[in-house]
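Participant: This is the structure I have questions about; it appears just below.
The values are calculated or read from the model by the stated rules, or taken from the named source; none is laboratory data. The structure presented is a predicted model; accordingly, all values stated were derived computationally and were not measured. Here the Cβ positions follow ideal geometry from the backbone for every residue, glycine too, while neighbour counts run over all protein chains shown.
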Amino acid sequence: MSHVVFHPSASGAVSGKQPGILVVDDEDMLLSLLDVVLRGQGFAVFTASSGQDAVAIYQANQAAIDMVLLDVRMPGMDGPTTLLALRQINPAVRCCFMSGELGTVKIDDLLALGAERVFFKPFALTQVAAELWNLVHSTP
């Protein structure tokens, strides 16, 4: 298994703050893999296996979370519904979506909700980590 090392950008080094990411997915294996990879790349990681859990975790840890990575299709609250609930807490919440199957949702719909990226499963974990790192360290 190859390991990619990310070097924090100058902006990350200056702020001294470890970027926080909330990962929301109902697939336990993917949630665990993203947790390990993102932690290894310098993120503080919060995980939730449902939209309801994501809202509670975000409510309690909003100041530490810079980005939310949301699965589009989940039982109960799906990704778009979860994002709308998070926006009730913080209208400026930053979000990327991930999905293996969009169903009736269109990419344009996700972008219209304010998603910064849509990642399609299966994806290279380290590539997603690199893109998230760059997004978090850029101005929204």
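Participant: Kindly establish whether F120 is out of contact with any Phe, Trp or Tyr (no Cβ under 8 Å at 6 or more places or on another chain) and among the aromatic types (F, W, Y).
Facilitator: Answer is yes for this residue.
Participant: I would also like to ask the following. Looking only at the range 79-88, decide whether some residue is in contact with a Cys (Cβ under 9 Å, 6 or more places away or on another chain) and either of a type in the set (A, V, I, L, M, F, W, C) or within 13 Å of I21 (Cβ to Cβ) (or both).
Facilitator: Yes, the range 79-88 contains at least one residue that is in contact with a Cys (Cβ under 9 Å, 6 or more places away or on another chain) and either of a type in the set (A, V, I, L, M, F, W, C) or within 13 Å of I21 (Cβ to Cβ) (or both).
Participant: OK, next. Could you please tell me which pairs satisfy a Cβ distance under 9 Å, a separation of 6+ or placement on different chains, a first residue in the range 74-92 that is in a helix (DSSP H, G or I), and a second residue that is aromatic (F, W, Y)?
Facilitator: Short answer, once both residue conditions are applied: G79/F97; P80/F97; L83/F97; A85/Y58; L86/Y58; I89/Y58.
A quick yes/no check of all residues on (1) at pLDDT below 95; (2) within 12 Å of the chain's Cα centre (by Cα); (3) of a type in the set (D, E):
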residue: G79; (1), (2), (3): no, yes, no
residue: I89; (1), (2), (3): no, no, no
residue: L102; (1), (2), (3): yes, no, no
residue: D108; (1), (2), (3): yes, no, yes
residue: R117; (1), (2), (3): no, yes, no
residue: T126; (1), (2), (3): yes, no, no
residue: L132; (1), (2), (3): no, yes, no
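Participant: Please list, ordered by first then second residue, the pairs with beta carbon atoms under 7 Å, 6 or more apart or interchain, first in the range 3-32 and under 22 Å from E116 (Cβ atoms) and at pLDDT 50 or above, second polar (S, T, N, Q) and part of a helix (DSSP H, G or I).
Facilitator: Once the first residue is under 22 Å from E116 (Cβ atoms) and at pLDDT 50 or above and sits in the range 3-32, its partners that are polar (S, T, N, Q) and part of a helix (DSSP H, G or I) give V24/T82.
Participant: Kindly list the number of the only condition in (1) part of a loop (DSSP other than H, G, I, E, B); (2) on the phi < 0 side of the Ramachandran plot that fails for G114.
Facilitator: Condition (2) is where G114 drops out.
Participant: Restricting the search to the range 54-112, which residues are buried (at least 18 other Cβ atoms within 10 Å of the Cβ) and polar (S, T, N, Q)?
Facilitator: T82, S99
Participant: Also, I was wondering about something else. Restrict the check to the range 38-55 and report whether at least one residue is at pLDDT below 95, part of a helix (DSSP H, G or I) and either touching a helix residue (DSSP H, G or I) at 6+ places or on another chain (Cβ under 7 Å) or closer than 18 Å to G20 by Cα (or both).
Facilitator: Looking through the range 38-55, at least one residue is at pLDDT below 95, part of a helix (DSSP H, G or I) and either touching a helix residue (DSSP H, G or I) at 6+ places or on another chain (Cβ under 7 Å) or closer than 18 Å to G20 by Cα (or both).
Participant: What number of residues within the range 127-140 satisfy the criterion of being in contact with a helix residue (DSSP H, G or I) (Cβ under 9 Å, 6 or more places away or on another chain) and surrounded by 16 or more Cβ atoms within 10 Å (Cβ to Cβ)?
Facilitator: The total comes to 6.
Participant: Let me ask something else. Within the range 96-109, can one find any residue that is touching a Cys at 6+ places or on another chain (Cβ under 7 Å) and touching a residue at least 24 places away in the same chain (Cβ under 8 Å)?
Facilitator: Checking the range 96-109: not a single residue is touching a Cys at 6+ places or on another chain (Cβ under 7 Å) and touching a residue at least 24 places away in the same chain (Cβ under 8 Å).
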